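Starting off with a structure, shown below.
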Amino acid sequence: MTYKLGEFVRFVEEDFEGHITKIINDELVGVTGEDGFEIPVQTSKITKVHGQQNREEVDFDEEHKAPTIPVGPFISEGIYLAITGDQKQNIGTFYLVNETSYELLVSFSSEKAKQTVGEYAGIVSPKDTQKIYTTKISEVSSWPLFDFKFLFHTAQLRLSKPALEITKRIKPIDLSNSKKHVPLLNERAWLFRLDEDEVKIDAEKLKESFFSHRPEKK
């Protein structure tokens, strides 16, 4: 059986379970449990725990699915990346948090050494969350570059919203900030806004501000 990083597995002959945090070869993987310690184990000695896998099989046949229509005022912004976990467990779990009224069609991939691998593809419902990735917190300095692509879908009559593409690199200093409570997850997490407008710098105003603070020569 083929295993992937982030999948949740259980030992066949022992009372132990955890996430796959290293692929050593086709027959050997590293599994990290709640204690944060990584244990090398043969793939023949573990089994997948369904319902807690990182990469999911997604059914894109929406022909018979009723459209999701949110109740209340329409919210057009509010897409976040939330990372849960701590240094003790050493497992960081990535969630997409969709606070908007849109259904989000998502493609999420990671890039390292100019090579890209797809990590998640699927739909995140309005006012909902989705687990998309798992990795070691202790290796944050070598985490890959993360690439997000979003399409916005709604059954309501709205002005068209262009697709959104975001690249994000998480640095160790980002995890030194305090966690925030995320109501949709009902737990605390490091939170990163993905759909906020970029801050534009006005060069002329910046120059005026610089010179206005310089002391006058006597």
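The values are calculated or read from the model by the stated rules, or taken from the named source; none is laboratory data. Quick caveat: nothing in here was measured; it's all calculated off a predicted structure. Quick reminder, even Gly has a Cβ in these numbers, built from the backbone with ideal geometry, and neighbours come from all protein chains shown.
Condition check ((1) under 15 Å from Glu77 (Cβ atoms); (2) over 17 Å from the mean Cα position of the chain (by Cα)) across all residues:
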residue: Ala155; (1), (2): no, yes
residue: Leu159; (1), (2): yes, yes
residue: Thr167; (1), (2): no, no
residue: Leu175; (1), (2): no, no
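Related question: What's the number of the condition Pro126 fails, among (1) touching a Ser or Thr at 6+ places or on another chain (Cβ under 7 Å); (2) free of Cβ contacts under 8 Å to residues at least 40 places away in the same chain?
Failing condition for Pro126: (2).
Continuing with this model, one more query. Tally the residues that are part of a strand (DSSP E or B), among the aliphatic types (A, V, I, L, M) and touching a Ser or Thr at 6+ places or on another chain (Cβ under 8 Å), restricting the search to region 129-164.
1
Of all residues in region 165-183, count the ones that are loosely packed, with under 15 Cβ neighbours inside 10 Å and either part of a strand (DSSP E or B) or not β-branched (Val, Ile, Thr) (or both).
Here the count works out to 13.
Now for a separate question. Among Ser125, Ser107, Ser101, which is under 30 Å from Glu34 (Cβ atoms), outside the structural domain of Asp35 (by TED's automatic domain parsing) and at pLDDT 90 or above?
None of the other options fit; the residue is Ser125.
Hey, could you check region 88-133 for residues that are under 17 Å from Gln156 (Cβ atoms) and among the polar types (S, T, N, Q) and say which is surrounded by the fewest Cβ atoms within 10 Å (Cβ to Cβ)?
In this case the residue turns out to be Ser125.
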